[in-house]
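Comments concern the structure below.
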Amino acid sequence: MAGAIWVVGEVGPDGALARISREVATLARDLGAAAGRDVAGVLVAPPEASGAADELAAYLPRVLLVEEPSAGTDVAAVPVASAVAALVARDEPAYLFLGATPDGRDVAGVLSALLGWGVLVNATEVGWSDAGPTVGMSIFGGRLLTTSAFSGGQGIVTVRPNTATAAEAAAPGTVERVVPGQPGTVLPHVRILERVQESAAAAALEDARVIVAGGRGVGGGEGFGLVQELADVLGGAVGATRAAVDSGWIPYSHQIGQTGKIVKPQLYLALGISGAIQHKVGMQTAETIVAVNRDPDAPVAEFADLLVVGDLFEVVPELVNQLRARSG
Amino acid sequence: MRIVVLLKPVPDTTGQERLGPDLRVDRAAVPAVINPNDEYALEGALRLMEARGGDADITLLTMGPASAPETIRKGLAMGAHRGVLVSDPALEGACAISTARVLSAALATLEFDLVLAGVDSSDGRGGVVAAAVAALRGLPYLSYAGSIELGDTSVRVHRLSATGYDVLEAPLPAMVVATQAIGEPRYPSLKGIMGARSKEIATRSLADLGLSSHEVGGAVATTRVLEARPPAARAATRVVRDAAPEAARQVVEFLAERRII
């Protein structure tokens, strides 16, 4: 497997394979075909979540499964990265691909320290040249696209959600249970004392195909009920600006922008959002942007595909009704 | 209690940021500011200090250009006690793992109980350096903290998850990554600004840290930018000014045209 491309799978809180891992596996499989390199998955999971390896094998010819109880009881980054680093030492793959999710970033950071490998982050396109992967990413909040490469023949890539469309392989691959050797460096684990669930499991914001987001113009927590209603009818997730979060209308986990999440949905519906640059940098790579705003001169008017100049409290209920009528 | 906050100067998010001909950030184009997420980390440190009745000592640790003291000074004005700047011409063009090695080597020269970092930086948004530093130093790593409680020998963190949070605890010394949920960063007071002028910012070269340009920095960067280009321009905005029922009808039609619904 020397020189292979590996996908490091991520297990969600429900014990199933994270959606991002299906996308990354699809991307890596296509890349391997273009590069003439072997592609395999690695999944480090507690025994009760080992079924995620079979899910990953639907996308890849071969999956290495490490059953690691501490990946369920402790923060996953250290047990996952330690096991992957030990397998890298044994099998000598060249490139590791992960999702650019909170957990994926943590694993990538620990792996880069353990292996001494470079990391290219937030890939939105991945190609191949003679020397290895070429990784496209956007910087300065989407104002510039760069293409980067690794200087040596190895590296770690984190891939943004919605970069590839997940597609299963023609035939499922094999799952091999492996026991990695002792890691060269033993890192401290961090125990999870308790998992607190505050809201129903919703599609992760970064994964959502449709995001309906609210800003200052939504006016309060009640207004977010309307945002949620529209998101529900479109099968989407709810996002927010920093102003809405700072006002306590919605938790920080929904924030999009400079100090929140970066998203790239198919549709971004901006309600009562002026479109200040701190918000724009988190969402301007959305495929389609529709805005509802009373102010025709708000900055969002410059980068929305469709702008409705009007009162969101009149337009949104109407929109919800018409969408329901259409699907009903 | 000794706290180190990792602080990165970044180009201000003005929409004017750019790369130079060498495909590195053009620092002359835009004024530098404290990376916004690092301000939350510093705010977190200041709140932990206040919760201990002022019994804490906060050091800002920066890897950056020779002009970085201007940016560090604002952090000192917010209430940190001193700055340590690692600056060396050989570090221009350093990659993420080089940055982590340099910060790790600098931490080895400091006494600390807790290291705080921001989630990511507003320029590259990689978010991998803090985890790498923790791994290089062998520190427990507690990321995405929505809240931090500091005891004398341990730290407890609520790590934000998609549906709530996980409660984590680790012995000190440890590395914690703070999020915006920690709370709004304070503005420096006039007294803070005046006081910051006399606070020390110690500068260290690579040699001071026992590192060489063969181990870290631009010459041994593991990644390189091949090209940079602006994204494709968006099409002109279609503006709808009709009353709600007609406006909504046009939105539905637009979404259908684009096969979103």
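Readers should treat all values here as calculations from the given coordinates under stated rules, not as data from a laboratory. Just so it is clear, the model here is predicted, and its values are computed rather than measured. Heads up, the Cβs are rebuilt from the backbone with ideal geometry, glycines too, and the neighbour counts pull from every protein chain shown.
Kindly work out what percent of the DSSP beta bridges joining two residues of chain B are antiparallel, to the nearest 5. So the antiparallel bridges in chain B amount to around 40 percent. When the Cα positions of A:150, A:204, A:188 are compared along the charge dipole of the protein assembly as shown, A:150 comes out farthest toward the positive end, with charges on each C-beta of Lys, Arg, Asp and Glu. Would you mind getting me the FRET efficiency between residue A:166 and residue B:14? Use the beta-carbon distance for r and R0 = 35 Å, nearest 0.05. For R0 = 35 Å, the calculated efficiency reads 0.40.
Remark: the protein assembly as shown carries a charge dipole of roughly 920 debye about the Cα centre, counting +1 on each Lys and Arg Cβ and -1 on each Asp and Glu Cβ. Enter the Cα centre distance for the pair segment A:174-192 and segment A:252-306, rounded to the nearest angstrom. Rounded to whole Å, the Cα centres lie 41 Å apart. The mean number of partner chain beta-carbon atoms within 10 angstrom of a residue's beta-carbon across peptide A:94-105 is 3. Based on alpha-carbon atoms, the Kirkwood radius and the radius of gyration of chain A give Rg/Rh equal to 1.01. Is any residue of segment B:67-101 close enough, with backbone N under 20 Å, to a label point placed 7 angstrom from the Cα of residue B:207 along the Cα-Cβ axis, and if so, which? Correct set: B:67, B:85-92.
Counting beta carbons within 10 Å around each of B:165, B:144 and listing the fewest first gives the order B:165, B:144. For chain A, give me the percentage of DSSP beta bridges that are antiparallel, rounded to the nearest 5 percent. Looking only at bridges with both residues in chain A, the antiparallel portion is about 25 percent.
Length available on full extension from residue B:224 to residue B:22: 0.36 nm per residue minus the Cα-Cα distance, which gives 71.7 nm.
Return one number: the angle in degrees, 0 to 90 and rounded to the nearest 10, between the long axis of the Cα atoms of helix A:221-234 and the longest principal axis of the Cα atoms of chain A. The answer is roughly 60 degrees. The 3J(HN,Hα) values that the Karplus relation (6.51, -1.76, 1.60; θ = phi - 60°) gives for segment B:67-83 are, in residue order, 7, 4, x, 4, 6, 4, 4, 5, x, 5, 5, 5, x, 5, 8, 7, x Hz. Gly and Pro appear as x.
Residues in segment A:38-53 carry Karplus couplings, in order, of 5, 10, 9, x, 10, 10, 10, 8, x, x, 5, 10, 5, x, 4, 5 Hz; the curve used is 6.51 cos²θ - 1.76 cosθ + 1.60 with θ = phi - 60°, and Gly or Pro positions show x. Can you give the FRET efficiency to the nearest 0.05 for residue A:73 and residue A:297, using r as the Cβ-Cβ distance and R₀ = 56 Å? Plugging the Cβ-Cβ distance into 1/(1 + (r/R0)^6) gives 0.55. Look at the dipole of chain B built from charges on Cβ: of B:89, B:110, B:25, the Cα furthest out on the positive end belongs to B:25. One Cα centroid belongs to segment A:20-45, the other to segment B:209-261; the line between them spans 25 Å. Taking the DSSP bridge list for the protein assembly as shown and keeping only pairs wholly inside it, about 35 percent are antiparallel. Rounded if a/c is under 1.5, else prolate if a/b is larger than b/c, else oblate: which is segment A:211-318, with a ≥ b ≥ c the root eigenvalues of its Cα gyration tensor? In terms of gyration-tensor shape, rounded.
Given Cβ point charges of +1 (Lys, Arg) and -1 (Asp, Glu) and nothing else, what value in debye, to the nearest 20, does the dipole of segment B:128-253 about its Cα centre take?
Rounded to the nearest 20 debye, it is 440 debye.
What whole number of Å gives the distance from the Cα centroid of segment B:56-73 to the Cα centroid of segment B:92-135? After rounding, the separation between the Cα centres reads 13 Å. Taken one residue at a time, the phi angles of segment B:13-26 give Karplus couplings (6.51, -1.76, 1.60, θ = phi - 60°) of 7, 10, x, 10, 5, 8, 9, x, x, 7, 6, 10, 4, 7 Hz. Gly and Pro are set to x. The residue list A:236, A:32, A:140 was ranked by how far each Cα lies along the charge dipole of chain A toward its positive end, using unit charges on Cβ atoms, and A:140 comes out on top. Taking R0 as 25 Å, what's the FRET efficiency between residue A:14 and residue A:324 from their Cβ-Cβ distance, rounded to 0.05? Calculated transfer efficiency: 0.30.
Backbone N atoms of segment A:208-229 closer than 14 Å to the 7 Å Cα→Cβ label point of residue A:313 belong to residues A:217-227. Under 16 Å of direct C-alpha separation, and excluding same-chain neighbours fewer than eight residues apart, residue A:261 reaches these lysines: A:280. Once you order the gyration tensor axes a ≥ b ≥ c over the Cα atoms, which shape class does segment A:1-120 get: rounded for a/c under 1.5, otherwise prolate or oblate by comparing a/b with b/c? Because a/c hits 1.5 or more and a/b fails to exceed b/c, segment A:1-120 counts as oblate. Put in line by how crowded their Cβ is, counting other Cβ atoms within 10 Å and starting with the fewest, B:214, A:254, A:189, B:81 read B:214, B:81, A:189, A:254. For the protein assembly as shown, the mean residue ellipticity at 222 nm estimated from helices alone is -8500 deg cm²/dmol, where every DSSP H run of n ≥ 4 contributes -39500 (n - 2.57) and the total is divided by all residues, rounded to the nearest 500. The ranking of B:254, B:112 from fewest to most other beta carbons within 10 Å of each one's beta carbon is B:254, B:112.
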